[in-house]
Amino acid sequence: MLQAGFKRLRDFFLVSSDRTAAMDGARGLAVLIVFLSHSSGRQQALTPFLQFQGIGHIGVYLFFVLSGYLLADHLFHEHAVKGNISIKKFLIRRCCRILPLYYFVLTAVIIYQECTGNIHKNYLHINDGWTGYFKHLLFYKGDGLFWTLPAEFVFYFLLPFVVLLVIRYEVKAIIWMLGVMICYFIWFLLVTFQFLPAAYAPKLVNISHQGQFLDVFLCGILAAWIARTHTFKNFLLDNRHHFDQLGLITLGTLLTASCILVSYKFLGFNRPAFAFRWLSLPIGLAFALVITSINANGKVKSFFQNAILRFMGIVGFSWYLTHFLVFQVVNTFPLQPGVKLVLSFITCAVMSSMLFICIEKPFIQLGKQLTK
């Protein structure tokens with residue numbers, strides 16, 4: 001019954017009939033990973049030995065790869081059908097998709113801070129008052145949870161040009177892209193582990209991390225290009241089952257390793273290899289393989305088509321931007337951690353649904369109207 005209920009909600013929230021169910025589910029898994037990581041870090045967990053604090057980056061990597069894949073695939077398709085790519089239309093659609101809800105949440109946070117004088121560093125917050133607020137509006141700054149948005153927007157400006165290079169030069173462009181990914185990843189590791197000073201961090205905007213994970217986004221473009229090649233399509237016809245099994249094993253291994261190596265107090269483990277979370281390029285490539293294996297129409301695709309994951313993926317942006325607020329409110333009640341977690345999950349589902357209906361979906365439709 002619960003599954004059927006989520007299915008009805010999912011069908012109502014679908015932006016268009018041609019959205020790929022499995023891609024929604026993959027986005028939902030990314031949201032779920034981040035949600036579990038952040039809930040454990042804020043005294044909300046089902047049991048003391050099932051804590052997921054620390055694995056949030058793994059979910060962000062999955063989202064970044066998926067974002068690169070879907071956006072690049074759309075542009076590859078647009079070029080194949082129309083013979084060109086409209087960068088203007090691409091950016092209009094991205095702005096209509098991201099800006100309205102992001103600006104709404106930012107404005108609510110800064111008004112709350114200015115009216116109460118309270119800045120909750122463990123939840124949604126903006127440093128430096130109105131100056132910091134305007135920097136957030138311009139995607140130059142990203143405090144706390146907001147750090148992913150500037151990283152994404154920088155990539156949005158780069159993506160169409162990378163896709164055009166791949167279309168024109170194909171294999172040569174892919175080789176160059178692989179070189180950039182490797183160099184960027186090495187550069188990021190050198191700064192992260194203090195072999196280079198922080199001033200040399202590979203980022204263009206003021207976020208809390210030492211890089212913007214360009215290598216992870218590029219993994220998505222790489223996967224989108226591979227999935228469209230005749231070589232891959234022929235390979236998939238001959239090895240569909242084996243490729244699906246490889247994707248399933250990769251996904252299971254990556255999630256298990258993340259929980260054991262990175263999480264705080266997961267099944268008796270206590271972060272035996274916390275640095276695993278910084279292996280952005282290998283993790284990004286693994287997720288690229290998983291996403292590509294959806295094309296095999298096997299168990300990976302079936303897993304991501306789960307109605308609950310799909311629902312979380314569709315309302316995922318609202319869920320991501322509001323779950324800290326939910327944690328903050330729920331934590332004011334004298335409840336057991338497990339009860340708080342369940343209450344937060346239900347509240348996030350309701351709040352994200354309302355925001356999707358009232359803000360996200362209308363502006364998504366507006367973006368489509370403006371780019372017809």
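For LEU196, nonlocal amide neighbours, meaning residues 5 or more places apart or on other chains whose placed amide H falls under 5 Å from its own, are VAL191. The C-alpha atoms of the chain occupy a region whose extents along the principal axes are 59, 50, 43 Å, arranged from largest to smallest. Computed in the context of the full set of protein chains, the accessible area of the chain at 1.4 Å probe radius has 68% of its extent on carbon or sulfur.
Averaged over residues, the count of other Cβ atoms within 10 Å places the peptides 324-337, 55-68 in the sequence 55-68, 324-337, highest first.
Computed over the Cα atoms of the stretch 290-339, pair by distinct pair, the Kirkwood hydrodynamic radius stands at 13.4 angstrom.
Within the straight-line cut-off of under 28 Å between alpha carbons, the lysines reachable from LYS89 are LYS135, LYS141, LYS172, LYS203, LYS361, LYS368, LYS372, sequence neighbours fewer than 8 places apart in one chain being disregarded. With no solvent and one point per C-alpha, what does the Debye sum give as log10 I(q)/I(0) for the stretch 142-209 at q = 0.16, 0.21, 0.26, 0.27 Å⁻¹? For the stretch 142-209, the Cα-only Debye profile gives -0.70, -0.99, -1.11, -1.13.
Taking θ as phi - 60° and the Karplus parameters 6.51, -1.76 and 1.60, the scalar couplings of the stretch 351-361 work out to 5, 5, 5, 5, 5, 5, 5, 7, 10, 5, 4 Hz in sequence order, x denoting glycine and proline.
Close amide H pairs (under 5 Å, H built 1.01 Å from N) link ASN206 with LYS141, GLY142, residues at least 5 positions away or on another chain. The residues of the chain present an accessible area of 46 Å² per residue when probed at 1.4 Å with all protein chains retained. Distance distribution note for the stretch 248-366: the fraction of Cα pairs above 24 angstrom is 50%. The figure for TRP225 is an accessible area of roughly 60 square angstrom, using a 1.4 Å probe on the protein chains alone.
Backbone phi angles across the stretch 204-214, fed through the Karplus curve with coefficients 6.51, -1.76 and 1.60 (θ = phi - 60°), yield HN-Hα couplings of 9, 10, 8, 10, 6, 9, 7, x, 10, 6, 4 Hz in residue order; Gly and Pro are listed as x. Considering the zone a paramagnetic label at ASP238 would reach in this model (a point 7 Å from Cα along the Cα-to-Cβ line), which residues of the stretch 291-312 have amide N under 18 Å from it? Output list for this probe position: 296.
Between the stretch 271-342 and the stretch 29-104, how many Å separate their Cα centres? Answer, in whole Å: 10.
Can you check how the C-alpha radius of gyration of the stretch 64-160 compares to 2.2 N^0.38 Å, as a plain ratio? Walk me through the numbers before you get to the answer.
On the way: Rg = 16.4 Å, N = 97, 2.2 N^0.38 = 12.5 Å.
Dividing the Cα radius of gyration by 2.2 N^0.38 Å gives 1.31.
Entry note, the chain: the mean residue ellipticity at 222 nm calculated from DSSP H runs of n ≥ 4, each adding -39500 (n - 2.57), is -23500 deg cm²/dmol after division by the residues and rounding to the nearest 500.
How much net charge surrounds ILE55 when only other residues with a Cβ under 14 Å from its Cβ are counted (Lys, Arg +1; Asp, Glu -1)?
Values: positive: LYS265, ARG271, ARG277; negative: none.
Combined, the nearby Lys, Arg, Asp and Glu give +3.
The values are calculated or read from the model by the stated rules, or taken from the named source; none is laboratory data. If you're wondering where the values come from, they're calculated on a predicted model, not measured in any experiment. Note that each Cβ is placed from the backbone with ideal geometry, even for glycine, and that neighbours are counted across all protein chains shown. What goes into the accessible areas is simple: the full protein's heavy atoms, side chains included, and nothing from ligands, DNA or RNA. Shrake-Rupley method; radii C 1.70, N 1.55, O 1.52, S 1.80 Å.
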